[in-house]
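Colleague: Below you will find the structure I want to go over with you.
The values are calculated or read from the model by the stated rules, or taken from the named source; none is laboratory data. What you see is a predicted model, and the numbers here were worked out from it, not measured in a lab. Glycine also receives a Cβ, built like all others from the backbone with ideal geometry; neighbour counts cover every protein chain displayed. Just so you know, the surface numbers come from the protein's heavy atoms only, side chains and all, with ligands and any DNA or RNA stripped out. Shrake-Rupley method; radii C 1.70, N 1.55, O 1.52, S 1.80 Å.
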Amino acid sequence: MKLIFLGAPGAGKGTHAKAVSEKLDIPTISTGNIIREAIKQETMAGLKARAFVEKGRLVPDGIVIEMLKERLSANDCENGYILDGFPRNTAQAEALDSMGVVIDRVLDLEVEDHVIEERLTGRRVCESCGASYHVVYNPSLKGDHCAECGGRLITRPDDAPEVVKDRLRVYHEQTEPLKGYYKALGKLFVAVGADEVSETTRRVFEALEAKAP
Ligand SMILES: [Zn+2]
């Protein structure tokens, strides 16, 4: 099954994509990882991308699509894959279509903004080992230090309240139109996030098994 996962930053896409990837035995392809990997291996596209990344700029669609094409032709994608973080806007979805990539289902994970804001702004990450905590839901036993290694817990710049608001705004503006795009194609399936991760996972699988409209 060829899948796209849609969901706001902090909606829990990564967690549920992992569950689906394990159950269906298909890889999760995230453009972030592809870009990092291509830069590391110094492929043609990787070298082009590096110039943008080093300046702190977004890698242009054309280069990302070139990398994606290469990645989707690998052996492990034969039975399908999950695209995470791509497409981000309608232009990228159209580019995917013109590459001849036929997606079976688009899974839209819906979580309300205020829930995401609470999740992300409460997140604390260990400076030393990268362990992740939450001030309310998963506090460290050592207060503002890591329970694993004693390192200092910090808020990642991406999780600062004003940055989270901005990321959500960008998501609603650019990525949400994709729902309409895939709905018109009869490929959009919605799972509403629940408080319990296991319940959300159940809803995700339910959406993937639901009869097509
Ligand atoms: Zn630590």
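Colleague: Based on the Cβ-Cβ distance from ASP25 to LEU185, what FRET efficiency comes out when R0 is 22 Å, to the nearest 0.05?
Modeller: After rounding, the FRET efficiency stands at 0.30.
Colleague: What order do HIS172, HIS134 take when sorted by accessible area (1.4 Å probe), most exposed first?
Modeller: Final ranking, largest accessible area leading: HIS172, HIS134.
Colleague: Another question, if that's okay. Counting only other residues whose beta carbon sits under 14 Å from that of THR43, what net charge do I get with K and R as +1, D and E as -1?
Modeller: In short, +2.
Colleague: Also: Go ahead and estimate [θ] at 222 nm for the chain from helices alone: -39,500 (n - 2.57) per DSSP H run with n ≥ 4, summed, over the residue count, rounded to 500.
Modeller: -13000 deg cm²/dmol
Colleague: Express in % the proportion of alpha carbon pairs of segment 60-114 at distances exceeding 15 Å.
Modeller: Here the long-distance tail beyond 15 Å is 53 percent of all Cα pairs in segment 60-114.
Colleague: Relative contact order for segment 36-97: what percent, with Cα pairs under 8 Å and sequence separation of 6 or more?
Modeller: Once normalised by length, the contact order is 21 percent.
Colleague: Dipole magnitude of segment 1-52 about its Cα centre, charges +1 at Lys/Arg Cβ and -1 at Asp/Glu Cβ only, in debye to the nearest 20?
Modeller: My answer is approximately 120 debye.
Colleague: While we're here: Name the shape class, rounded, prolate or oblate, that the alpha-carbon gyration tensor gives for segment 165-213, where a ≥ b ≥ c are the square roots of its eigenvalues, rounded holds for a/c under 1.5, and otherwise prolate holds if a/b is larger than b/c and oblate otherwise.
Modeller: It is oblate, given that a/c is not under 1.5 and a/b is not larger than b/c.
Colleague: Enter the mean projected area of the convex hull around the alpha-carbon atoms of segment 26-150, in nm², rounded to one decimal.
Modeller: 10.4 nm²
Colleague: Contact order normalised by length for segment 75-213, with contacts defined as Cα pairs under 8 Å and 6 or more residues apart; what percent is it?
Modeller: 30 percent
Colleague: Run the reach check for LYS48 against lysines, Cα to Cα strictly under 25 Å, same-chain hits fewer than 8 apart removed. What comes back?
Modeller: Candidates past the 8-residue exclusion: LYS40, LYS69.
Colleague: From the P(r) of segment 122-174, can you give the percent of Cα pairs sitting at distances over 16 Å?
Modeller: When every Cα pair of segment 122-174 is considered, 44 percent fall beyond 16 Å.
Colleague: Largest first, what is the accessible-area ranking of GLU176, GLU37 with a 1.4 Å probe?
Modeller: Largest to smallest exposure gives the sequence GLU37, GLU176.
Colleague: Hey, another quick one. Could you work out how far apart the two model spin labels at ASP76 and ASP104 are, taking each label as a point 7 Å from the Cα in the direction of the beta carbon, and quote it in nm?
Modeller: Placing both labels 7 Å along Cα→Cβ, they lie 1.9 nm apart.
Colleague: Here's a follow-up. Given H placed on each backbone N at 1.01 Å, which residues far from LYS142 in sequence or on other chains put an amide H within less than 5 Å of it?
Modeller: Here ALA147 satisfy the definition.
Colleague: What is the magnitude of the charge dipole of segment 39-80 about its Cα centre, with +1 placed on the Cβ of each Lys and Arg, -1 on the Cβ of each Asp and Glu, and no other charges, expressed in debye to the nearest 20?
Modeller: With only Lys, Arg, Asp and Glu charged at Cβ, the dipole is about 260 debye.
Colleague: Also, quick follow-up: Share of the chain's accessible area from carbon and sulfur, percent, 1.4 Å?
Modeller: So the carbon and sulfur contribution to the accessible surface is 51 percent.
Colleague: When only C-alpha pairs under 8 Å and at least 6 residues apart count, what is the relative contact order of segment 1-158, in percent?
Modeller: 30 percent
Colleague: Continuing with the same structure: Leaving out ligands and nucleic acids, and using a 1.4 Å probe, what accessible area per residue does segment 2-131 come to in Å²?
Modeller: Normalised by residue count, the accessible surface of segment 2-131 is 51 Å².
Colleague: Distances longer than 22 Å among the Cα atoms of the chain: what percent of all pairs is that?
Modeller: When every Cα pair of the chain is considered, 57 percent fall beyond 22 Å.
Colleague: Continuing with the same structure: Can you give the % of DSSP beta bridges in the chain that are antiparallel, to the nearest 5?
Modeller: 30 percent
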